[in-house]
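Structure first, then comments.
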Amino acid sequence: MLLVIGASCSSSNEPESADSVDESFRFVDVASDVGLDASHSAFRWAPSMDPVAMMGGGACWIDIDQDGWLDLFLTDTWSDGEWGQWDSEGELPTSRLYRNESGSFTEVTTDWNAGLQARALGCVAADMNADGLTDIFVTTSRENVLLWNVDGERFEDGSEQAGVDGYGWHAGAAVGDLDGDGLMDLVVTGYADPNRPRPEASTGFPNTIEPIEDLVYRNVGVDQDGRSQFEEVAQAAGLESDGAEYGLGVLIFDADEDGDLDIHIANDTQPNRLYLNESVTSSIRFREVGEAAGADDPNSGMGIAAVDLDADGLLDLFVTNLAGQGHADLRSAPAPGFGYSPNSSGAARRGLDATGWGVAHGDFDLDGDSDLLVASGKIPITSLVESAESLAYFTNFSDERLVDRSEAVGLGEVSPRNGRSIAVADYDNDGDLDALVTAIGEPVVLLESRGSSNNWLSIDPGSPMPGLHAIVTLADGTQIRRTTTTGSSWLSSEDHRLNFGFGSNTVASSVLVTDREGTVLGEWSDVSSGQTLRLP
């Protein structure tokens, strides 16, 4: 689904202080209460040195039947050496699909033909053939899968016919219209090939095996069956011109605010890459500017979030890394350019003590700015208990600080776990943002936001629309901005709707929604809080 990103707030009010925190706001794990009984299946019997299984699984929020409630797709895998035991018990792990019925979930995996028996990793949910229905693309350690949504009633594998069944160990996936032709294109990160060792390697995994190429699939239009066809153009488009790298996370967003969509890739043990879009219609072209833009963090990049943390109207980048490295909190400047923030407090420093995976953001406490959630877990996994680490929540203050309030909001009551993906969504349609968290070998956690007395507004485009922009101007002059992307955090896809916290404000003097080229899609005046606006 579309990830809601970016929040910039400008106001004549005094900067928020630590004393102004909404003490009543909390997260409560309600997964078992609402029918989410899924667990990640890796290491059911014992941990092993299986790097594929250690990556965990992704989560995709997706309205499969267009009823206005977000359903949930979860990838799964078995770990190396345990396939036989699973098979002998007749229950080989598959991906799972849960239908959301007014905030309660029922598993519909079989009914929807959504159970993939594969070593699946990431997923991204988007309308890939512009038929108004949301499809799912899944990365695996072997062959990737595209599940077409058929009539809002079932999924059907169309990977080979569409030309996106790339072979090899892939991780992240993101969607956006890269060449401006109105069709959704697809970017997939390639990781490594266990069948091609590098005996000359002087450093450890993954450098002991050869990397595999990232993929860019250009959507060339629909066939006679109404399904899109794709051509792979990564090399011609300018990705990895010096050779394949160990790609993990990927995000498509407008880094330089020129109206087209750029690509940021988090590489493992190699510099991250920022590709600026220089495409024209029917031809995708990128120029790599990671080093020049200061976006080339050299550590073990995994999860990515793009969000305006310092209220300057520009999207910043937050990339999670291996323990001991520190997370990359990169604040933006025009051009584009990014610099490490000296004010991020515990958020970046958490990466010195914990290995970060999923990183997601949203205005969880509805005060007008975006906060961060980070999932962590040690690697390699030697014990599910000893490798577990705690979830972390960072409140954003207007003096650019990210303050750790994990215990204060109840995350201490969610036991440490081998956290991987985080996917944010308003699953219960009550106006605030909740978060689904996956963990290796453990049940999913659904963190429901509770207790905030602040007001809210939501904008529903009806279906995933990457590159959508919205500006809400409150009665006191505060402006809050949101932009949408499709696929990020870690292996996941999030709510396609735009969520705004109003604080104590009850009215927005204006709401403006445009596409990435600036065309007005919706405009309202004197909008009361506590409602969802729908684009015409």
Problem - GluC sites (Glu not before Pro) restricted to region 397-495 and DSSP loop, no more than 12 other C-beta within 10 Å - result: 407
Fill in the blank from the handout: Taking every C-alpha to C-alpha distance in region 281-326 and binning by 10 Å from 0, the per-bin percentages run 21, 40, 31, 7, 1
Fill in the blank from the handout: Across the alpha-carbon set of region 30-142, Rg over Rh with Rh taken as the Kirkwood radius works out to 0.99
Practice task
For the chain, give the percent of accessible area contributed by carbon and sulfur heavy atoms, probe 1.4 Å, rounded to a whole number.
Solution key: 45
Completion exercise
Only helices counted: for the chain, with every DSSP H run of 4 or more residues adding -39500 (n - 2.57) and the sum spread over all residues, [θ] at 222 nm is -1000 deg cm²/dmol
Problem - Förster radius 22 Å - calculated FRET efficiency between residue 340 and residue 510, Cβ distance, rounded to 0.05 - result: 0.05
Fill in the blank from the handout: With the 8 Å Cα cutoff and a minimum separation of six or more residues, region 393-536 has a relative contact order in percent of 21
Handout entry: Principal axes of region 212-329: Cα extent on each, largest first, Å
Key = 52, 34, 26
Handout entry: For residue 296, residues with placed amide H under 5 Å, excluding near neighbours
Key = none
Handout entry: Compactness index (Cα Rg / 2.2 N^0.38 Å), region 320-430
Key = 1.11
Exercise for the section: Treating each Cα of the chain as an identical point scatterer and ignoring solvent, apply the Debye formula and state log10 I(q)/I(0) at q = 0.06 Å⁻¹. Expected result: -0.24
Practice task
State the extension gain, in nm to one decimal, for the chain segment bounded by residue 202 and residue 291, taking 0.36 nm per residue of separation less the distance between their alpha-carbons.
Solution key: 29.6 nm
Practice task
Give me the Kirkwood hydrodynamic radius of region 356-401, using the inverse of the mean 1/r over all pairs of distinct Cα atoms, in Å to one decimal.
Solution key: 12.1
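The values are calculated or read from the model by the stated rules, or taken from the named source; none is laboratory data. Source: prediction; values computed, not measured. Glycine gets a Cβ as well: all are built from the backbone with ideal geometry, and neighbour counts include every protein chain shown. The accessibility values were calculated without ligands, DNA or RNA, using every heavy atom of the protein model including side chains. Shrake-Rupley method; radii C 1.70, N 1.55, O 1.52, S 1.80 Å.
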